[in-house]
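Visitor: Below is the structure I would like to discuss, written out as structure tokens.
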């Protein structure tokens with residue numbers, strides 16, 4: 001059974017008197033525990049597609065299912081609860097809270113959404129901060145660290161809840177090669193150990209190389225789907 005299923009999904013926006021068709025009749029399925037990339041030029045609909053799958057927006061037409069639940073029909077509060085319980089997000093602009101430290105930013109979803117006990121919270125936070133090489137920066141605020149460091153914190157925050165699905169918009173865009181490789185390796189480990197599914201919008205060849213399924217988008221439509229043998233990750 002597919003984890004993600006879209007049936008004839010379209011998304012349009014009205015900009016003044018102009019109608020923008022961001023997505024046009026998208027139908028696709030993604031199985032559990034997959035590494036998937038959406039690729040294509042800017043404006044092709046990649047981020048819009050991630051937002052619909054992540055219950056951050058609703059389609060103008062069609063249906064979106066996650067784990068057989070028709071999430072495109074969820075009310076605002078139900079969608080927020082579903083996101084908090086099942087999904088992790090890595091945004092291109094980080095979305096870190098400036099008044100919280102690095103540690104507190106990673107801790108935030110464990111308190112506000114999942115209500116994880118304090119001992120387990122600390123264990124998870126320290127594990128993921130160490131995994132993204134940010135443990136020594138844990139007491140700093142977002143305004144005191146670089147863009148690449150903010151991206152690593154955003155990755156740790158997305159993974160700390162142990163979600164079954166992680167949606168990532170250009171997750172390695174602000175990382176150097178070594179940091180990007182470490183983050184991708186961490187995601188691969190989660191895929192193996194926790195059966196996490198990762199869906200990326202990306203231009204990064206390193207992520208495309210890791211992907212088992214690549215969808216190419218142009219002008220709001222899927223123009224190709226390529227299945228790739230997964231690399232040996234043992």
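Visitor: Any residue in the range 143-160 that is more than 10 Å from residue 183 (Cβ to Cβ) sitting within a Cβ distance under 8 Å of a residue that is part of a helix (DSSP H, G or I) and modelled with pLDDT under 90? List the pairs, counting only those 6 or more apart or interchain.
Guide: 148/179
Visitor: Residue 39: more than 16 Å from residue 222 (Cα to Cα), in contact with a helix residue (DSSP H, G or I) (Cβ under 7 Å, 6 or more places away or on another chain) and buried (at least 19 other Cβ atoms within 10 Å of the Cβ), yes or no?
Guide: Judged against the criteria, residue 39 is not a match.
Visitor: Does the range 134-145 include one or more residues that are closer than 23 Å to residue 194 by Cα and in a helix (DSSP H, G or I)? Spell out the reasoning first.
Guide: Step one: filter the range 134-145 for residues closer than 23 Å to residue 194 by Cα, giving 134-135.
Next, only the ones that are in a helix (DSSP H, G or I) stay: 135.
Yes: the range 134-145 contains one or more residues that are closer than 23 Å to residue 194 by Cα and in a helix (DSSP H, G or I).
Visitor: Okay, next question. Looking only at the range 171-181, filter to residues that are more than 12 Å from the chain's Cα centre (by Cα) and either in a loop (DSSP other than H, G, I, E, B) or touching a residue at least 60 places away in the same chain (Cβ under 8 Å) (or both); which one of those is surrounded by the fewest Cβ atoms within 10 Å (Cβ to Cβ)?
Guide: The qualifying residue surrounded by the fewest Cβ atoms within 10 Å (Cβ to Cβ) is 176.
Visitor: Hey, does the range 192-203 have a residue that's within 20 Å of residue 96 (Cα to Cα), assigned to a helix (DSSP H, G or I) and touching a residue at least 60 places away in the same chain (Cβ under 8 Å)?
Guide: no
Visitor: Looking only at the range 52-105, how many residues end up being in contact with a helix residue (DSSP H, G or I) (Cβ under 7 Å, 6 or more places away or on another chain), more than 19 Å from residue 132 (Cα to Cα) and surrounded by fewer than 14 Cβ atoms within 10 Å (Cβ to Cβ)?
Guide: Summing the residues that are in contact with a helix residue (DSSP H, G or I) (Cβ under 7 Å, 6 or more places away or on another chain), more than 19 Å from residue 132 (Cα to Cα) and surrounded by fewer than 14 Cβ atoms within 10 Å (Cβ to Cβ) in the range 52-105 gives 1.
Visitor: I need every pair where a residue in the range 118-136 that is surrounded by 13 or more Cβ atoms within 10 Å (Cβ to Cβ) has its Cβ under 7 Å from the Cβ of a residue that is not in a helix (DSSP H, G or I), sequence separation at least 6 or different chains.
Guide: 124/160; 125/160; 128/160; 129/138
Visitor: Right, here's the next one. What do you reckon, is residue 168 buried (at least 17 other Cβ atoms within 10 Å of the Cβ), assigned to a helix (DSSP H, G or I) and either touching a strand residue (DSSP E or B) at 6+ places or on another chain (Cβ under 9 Å) or touching a residue at least 40 places away in the same chain (Cβ under 8 Å) (or both)?
Guide: Details: buried (at least 17 other Cβ atoms within 10 Å of the Cβ): yes; assigned to a helix (DSSP H, G or I): no; either touching a strand residue (DSSP E or B) at 6+ places or on another chain (Cβ under 9 Å) or touching a residue at least 40 places away in the same chain (Cβ under 8 Å) (or both): yes.
The answer is no for residue 168.
The values are calculated or read from the model by the stated rules, or taken from the named source; none is laboratory data. Just so it is clear, the model here is predicted, and its values are computed rather than measured. Every residue, glycine as well, gets a Cβ built from its backbone with ideal geometry; the counts of neighbours run over all protein chains shown.
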